Amino acid sequence: MPSDNAANTNDQNRRENFRIDDLLATSVQKIENGVLPVPRIIPVSLSESGRLGASLRPLPHEIDPCFALMLLEANAKLDLLFDFYKLPRFNEEKNLRPSMTQLLLLINTKLDSILDSHLIARQEETTRVEEVSLSASGIKLTATETFAAGDLVEVHMLLSSDQPSWVVVGGQVARANPLPEGGCLVAIQFTATNGAIQDAIATYALRKQKEQLISQRWLEP
């Protein structure tokens, strides 16, 4: 019979290894002085940088099918704008059953293209909403700044829950692959943190996985 310590270790390993692909508001900054940040959770209502998430409302576990249909309609309208303005098409793979994440990324990319074609400047923000791969032990994301393996970094993540909060953790760059368009794809291993933050990330990831599975079913013909 396994001991309590062994059971706790297995639970912790499962929690740290569980990974979710999601759209997330994040920022990552290189630490120059070698001093890692204190891991902490900051409710957006108390955060000076909470403007991006201040108006967020917790999503139900079940995605409203009307929301999925509205996203599909918005994507179709953007296609009409591309045809009307004769805008150049990016490399777009046709997917008859996109996930909610893929659909939002596609819409965001098309909006960026339209703004660029009309020379409409966008305010540069250190916090970006992008596709990430997240677990309780680390995160993989695209960064505009150049990083190298071994760099120490400070990561901010906006996790939506009953109370949307910024999670601040320190980490070390495990891999950094340069991208042709600039920036790099960065894999970051979180440094030792407390159980509350690990639980917050793991709980968020499990809930998002359930939402994604439900939204995928609504998009199926």
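Filter the stretch 77-91 for residues that are surrounded by 11 or more Cβ atoms within 10 Å (Cβ to Cβ) and modelled with pLDDT under 70 and give the result. Result: Phe90, single match. Within the stretch 113-123, is even one residue surrounded by fewer than 19 Cβ atoms within 10 Å (Cβ to Cβ), among the β-branched types (Val, Ile, Thr), within 18 Å of Asp21 (Cα to Cα) and at pLDDT below 90? Scanning the stretch 113-123 turns up no residue that is surrounded by fewer than 19 Cβ atoms within 10 Å (Cβ to Cβ), among the β-branched types (Val, Ile, Thr), within 18 Å of Asp21 (Cα to Cα) and at pLDDT below 90.
The set of residues in the stretch 186-221 that are modelled with pLDDT of 85 or more and among the charged types (D, E, K, R) contains only Asp199.
Identify, please: which residue in the stretch 181-200 is of a type in the set (A, V, I, L, M), surrounded by 14 or more Cβ atoms within 10 Å (Cβ to Cβ) and farther than 19 Å from Thr142 by Cα and is, among those, farthest from the chain's Cα centre (by Cα)? That would be Ile197. I'd like the residue in the stretch 141-180 that is without any contact (Cβ under 8 Å) to a residue 24 or more places away in the chain and loosely packed, with under 13 Cβ neighbours inside 10 Å and, out of all such residues, is farthest from Ser27 (Cα to Cα). Per the stated criteria, the residue is Pro180.
The values are calculated or read from the model by the stated rules, or taken from the named source; none is laboratory data. In this text, all values refer to a predicted model and were calculated from it rather than measured experimentally. Quick reminder, even Gly has a Cβ in these numbers, built from the backbone with ideal geometry, and neighbours come from all protein chains shown.
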